[in-house]
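The values are calculated or read from the model by the stated rules, or taken from the named source; none is laboratory data. Keep in mind that this is a model prediction, so the values were computed, not measured. All Cβ positions, even for glycine, are placed from backbone atoms using ideal geometry, and neighbour counts span all protein chains on display. Protein only, heavy atoms only, side chains kept; ligands, DNA and RNA dropped before computing areas. Shrake-Rupley method; radii C 1.70, N 1.55, O 1.52, S 1.80 Å.
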Amino acid sequence: MTLSATELSAAFTARFGREPAGIWAAPGRVNLIGEHTDYNDGFVLPFAINRSTAVAAAPRRDRTARVYSAFGEGSLVSADLNELSTGSVQGWAAYPLGVLWAFEDRGTGVPGLDLYVDSDVPVGAGLSSSAALECAVAVMANDLSDAGLTGPELAALGQRAENLMVGAPTGIMDQSASLLGEEGHAVFLDCRSREAELVPLDLAGSGLTLLVIDTRVSHEHASGGYASRRASCEQGAKEMGVAALRDLTVKDLAAAAGVLDEETFRRVRHVVTENARVLAAVDILRTDGPGKLGPLLNESHASMRDDFEISCPELDLAVETARRAGALGARMTGGGFGGSAIALVDSTAADAVTAAVSDAFAAAGYAAPAVFTVLPASGAGRVEG
């Protein structure tokens, strides 16, 4: 978060005229590998990052929820909790109010609330700023309502809010990473069983740096590109006679090529091979450490660019330039159609890779990218109060 806990508390008091009951925060995430596999009941390997969204909150005596965002020039939205329903809230407020609706919809009453939101997770960069907001609100509502819900249960509520209130057909990965992450670890998640396992990801101890290259090309999950890819996957599974693409292996692709049209086959091939890459990445982290992940990152990007077709010129330039400048591996991360790439580099080469990418964007006439490092961080929880 951009404000300290003390500053956020003071900002809440200045806005609402009273002190908050507490402050809660949830991190964004980087998906190390496993893109568009989550809603196909597959495997993912994200990690929570050391950038977060925080909410200061206090209960009210009525059923009104007032949510203020410090993003940009600031915005205050009010809603009656009794009148929340799917589609009743538009814009950024659909994320926090959608979580409160999801609590109410499952029969867990939440009090009226005043909330003040601040964040340093870039919006539209593929680092899951939306899930960070949802999860910060979820842990807050869980505490203030004494609901006693578990991390996986809160993740499901965040996903429900995003699917039904926001209208974005996303899977469970982002919320799971934000809630279940631990410092120095990635979260290996089976999206069918919802079983999660922490896998060591000691970047600093391995002499490595993970660069995030935010292309500044914003994306939106509720847009048609994401939804159409999901529809293709569902169609492919149906035609192959399986419940989800998770049930296909690389050996099944030869048969799939004879059943599916060319585009659907390529969508299916990405998901099937990406699942295999996630499993391989987990094995590598357990045995050899992160320094051996480079080839898998490169293969993943090629698959997203060519088979799933969710990259863009800025992402491709970032990835190609980072590799030429010495990165061990690089790939776009997140839902695609913009957002960020990640580059795994030797820590001594981080500055050179950053400079090379910045120079390449300038030469191409693109807006300057934001390049920064991230580390695996702990998941959502109460910060103060």
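The numbered conditions (1) of a type outside the set (Asp, Glu); (2) under 24 Å from residue 341 (Cβ atoms); (3) modelled with pLDDT of 95 or more are all true for residue 242 except (2).
Restricting attention to region 128-150, the residues that are buried (at least 21 other Cβ atoms within 10 Å of the Cβ) and more than 15 Å from the chain's Cα centre (by Cα) add up to 6. A count restricted to region 258-290 and to residues that are of a type outside the set (A, V, I, L, M), assigned to a helix (DSSP H, G or I) and open to solvent by less than 40 Å² (accessible area, probe 1.4 Å) stands at 9.
With respect to the conditions (1) open to solvent by less than 70 Å² (accessible area, probe 1.4 Å); (2) in a strand (DSSP E or B), residue 13 falls short on a single one, namely (2).
Filtered by the rule that a residue be open to solvent by less than 10 Å² (accessible area, probe 1.4 Å), closer than 13 Å to residue 158 by Cα and in contact (Cβ under 8 Å) with a residue 60 or more places away in the chain, region 80-127 gives 94, 97, 98, 99, 102. When residues in region 171-195 are screened for being touching a Leu at 6+ places or on another chain (Cβ under 7 Å), open to solvent by less than 10 Å² (accessible area, probe 1.4 Å) and among the small types (Gly, Ala, Ser), 2 of them pass. Among the residues of region 288-310, not a single one is over 22 Å from residue 341 (Cβ atoms) and aromatic (Phe, Trp, Tyr).
The rows are residues; the columns are (1) over 14 Å from residue 35 (Cβ atoms); (2) hydroxyl-bearing (Ser, Thr, Tyr); (3) modelled with pLDDT under 95.
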residue	(1), (2), (3)
289	yes, no, no
292	yes, no, no
302	no, no, no
322	yes, no, no
342	no, no, no
348	yes, yes, no
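Within region 341-355, residues that are more than 15 Å from residue 207 (Cβ to Cβ) and of a type in the set (Val, Ile, Thr) sit with their Cβ atoms under 9 Å from residues that are surrounded by fewer than 16 Cβ atoms within 10 Å (Cβ to Cβ) and modelled with pLDDT of 95 or more, at 6+ positions apart or across chains, in these pairs: 354/372. Each residue in region 66-114 was checked for being closer than 30 Å to residue 373 by Cβ, in contact with a Phe, Trp or Tyr (Cβ under 9 Å, 6 or more places away or on another chain) and among the aliphatic types (A, V, I, L, M), and 1 pass.
Considering only residues in region 65-80 that are among the hydrophobic types (A, V, I, L, M, F, W, C), part of a strand (DSSP E or B) and out of contact with any Lys or Arg (no Cβ under 9 Å at 6 or more places or on another chain), the one that is nearest to residue 285 (Cα to Cα) turns out to be 67.
If you go through region 39-60 and pick out every residue that is open to solvent by 10 Å² or more (accessible area, probe 1.4 Å) and of a type in the set (Val, Ile, Thr), you end up with 0. For region 35-51, a residue qualifies if it is at pLDDT below 95 and of a type in the set (Phe, Trp, Tyr), and exactly one does: 39.
Of the candidates 34, 42, the single residue that is touching a residue at least 40 places away in the same chain (Cβ under 8 Å), out of contact with any strand residue (DSSP E or B) (no Cβ under 7 Å at 6 or more places or on another chain) and of a type in the set (Gly, Ala, Ser) is 42. Looking across region 196-227, the residues that are open to solvent by 50 Å² or more (accessible area, probe 1.4 Å), at pLDDT below 95 and over 30 Å from residue 356 (Cα atoms) come down to 222, 224. Taking region 31-64 as the range and being closer than 25 Å to residue 269 by Cα and either not in a strand (DSSP E or B) or not hydrophobic (A, V, I, L, M, F, W, C) (or both) as the test, the residues that pass are 31, 34, 35, 36, 37, 38, 39, 40, 41, 42, 46.
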